[in-house]
Amino acid sequence: FTLGASAYYSPDYLQGDAESLYAEVNAAVPLPYDFGVSGAVGHQWFASDFFGDYLTWNVGASYTWRDTVVLDLRYHDTDLD
């Protein structure tokens, strides 16, 4: 089992005047026979009212072939309309 987190800051999102911050937590669980499952939840914040904050998430399954190639099938979504 692995658990991780990351954060990304931009002082000028899309080369504009809006500051932004994206933070995410993620987890992965190895399964037998070179399979695994993983997922993440993140949130995007903006200092400007022009952009709306939103939540992101993903979940997926992976297969590692010969310790060098990883095939990953993943579903991504947000709470944006």
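Side notes on the structure shown:
- Total residues in the stretch 19-58, condition touching a Pro at 6+ places or on another chain (Cβ under 9 Å) and more than 26 Å from V70 (Cα to Cα): 2
- Tally, over the stretch 3-20, of residues that are farther than 24 Å from S38 by Cβ and among the small types (G, A, S): 4
- Complete set of residues in the stretch 46-69 that are hydrophobic (A, V, I, L, M, F, W, C), modelled with pLDDT of 95 or more and either touching a Ser or Thr at 6+ places or on another chain (Cβ under 7 Å) or within 20 Å of A27 (Cβ to Cβ) (or both): L55, W57, V59, A61
- Options T56, T2: the member that is among the hydroxyl-bearing types (S, T, Y) and over 10 Å from the mean Cα position of the chain (by Cα): T2
- Among (1) among the aromatic types (F, W, Y); (2) modelled with pLDDT of 95 or more; (3) open to solvent by less than 90 Å² (accessible area, probe 1.4 Å) - the single one Y8 does not satisfy: (3)
- Comparison of D49, D34 shows that the only residue that is free of Cβ contacts under 8 Å to residues at least 12 places away in the same chain, charged (D, E, K, R), more than 19 Å from H76 (Cβ to Cβ) and open to solvent by 80 Å² or more (accessible area, probe 1.4 Å) is D49.
- Some residue of the stretch 72-80 being touching a strand residue (DSSP E or B) at 6+ places or on another chain (Cβ under 7 Å), surrounded by 15 or more Cβ atoms within 10 Å (Cβ to Cβ) and either among the aliphatic types (A, V, I, L, M) or at pLDDT 95 or above (or both): no
- Screening the stretch 52-71 for residues that are surrounded by 11 or more Cβ atoms within 10 Å (Cβ to Cβ) and of a type in the set (F, W, Y) and picking the one that is nearest to Y13 (Cα to Cα) gives Y54.
The values are calculated or read from the model by the stated rules, or taken from the named source; none is laboratory data. The shown structure was predicted, so the numbers you read here are calculated from the model rather than taken from an experiment. Here the Cβ is made from the backbone with ideal geometry for all residues, glycine too, and neighbour counts use every protein chain on show. Surface areas here come from the heavy atoms of the whole protein model, side chains and all, with no ligands, DNA or RNA. Shrake-Rupley method; radii C 1.70, N 1.55, O 1.52, S 1.80 Å.
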